[in-house]
Amino acid sequence: MTTIAGCRIVQLPRVELPQGSITPVHGSIEIPFEIARVFYLYDVPGGASRGGHAHRRLQQFIVSAMGAFDVIVDDGSARKVFTLNRAYFGLYIPAMLWAEVVGFSSGGVSLVFASLPYEESDYIRNYDDYVLEKRSSSVS
């Protein structure tokens, strides 16, 4: 089984009631970092992908709030696909991993918790640049 350093599925608490279920999340408890930003992806056209970048410092925790999608995670030498399709499972993605979100089902909504506010300089948007930076940081 392929593993990507530090990247993992986390089962979240699930409170089931006759009126519906609820999943509470807290920074540094269920999510392994303090939450600085939350955003969600929705109305993603069929066949489109989101992401396709890495972060130098930012960590992410991705949940399927509705529907299903895949997250492709790449560490520069190995790739793994994680399918998210339940609101009580999330994917933790540490910094310096390349990630792409693909295969959204109709009505799919991706909820993303981030460890830092948006900062363009934290993004690596070219895969070849990512691989070079990843390799040079592992050598130092």
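The values are calculated or read from the model by the stated rules, or taken from the named source; none is laboratory data. Fair warning: this is a prediction, and the values are worked out from it, not measured in the lab. Accessible surface areas use protein heavy atoms only, side chains included; no ligands, DNA or RNA. Shrake-Rupley method; radii C 1.70, N 1.55, O 1.52, S 1.80 Å.
A few comments on the model shown:
- Across segment 13-65, Cα-Cα pairs farther apart than 19 Å form 48% of the total.
- Calculated over the chain: convex hull of Cα atoms, volume per residue (Å³): 123
- Residue ranking by accessible heavy-atom surface, 1.4 Å probe, largest first, among 53, 26 comes out as 26, 53.
- Choice from 75, 43, 122 with maximal GNM fluctuation in the chain (Cα, 10 Å cutoff): 43
- Solvent-accessible surface (1.4 Å probe) assigned to residue 66 amounts to roughly 110 Å².
- Atom-type composition of the exposed protein surface of the chain places 53 percent of the accessible area on carbon and sulfur (1.4 angstrom probe).
- 10 Å-binned pair-distance histogram of segment 29-90 (Cα, whole percent): 16, 51, 32, 1
- Residues 34, 120, ordered by accessible area of protein heavy atoms at a 1.4 angstrom probe radius and largest first, appear as 34, 120.
- Compared with the dominant principal axis of the Cα atoms in the chain, helix 127-139 is inclined by about 70°.
- For residue 137, the solvent-accessible surface with a 1.4 Å probe is about 70 Å², rounded to the nearest 10.
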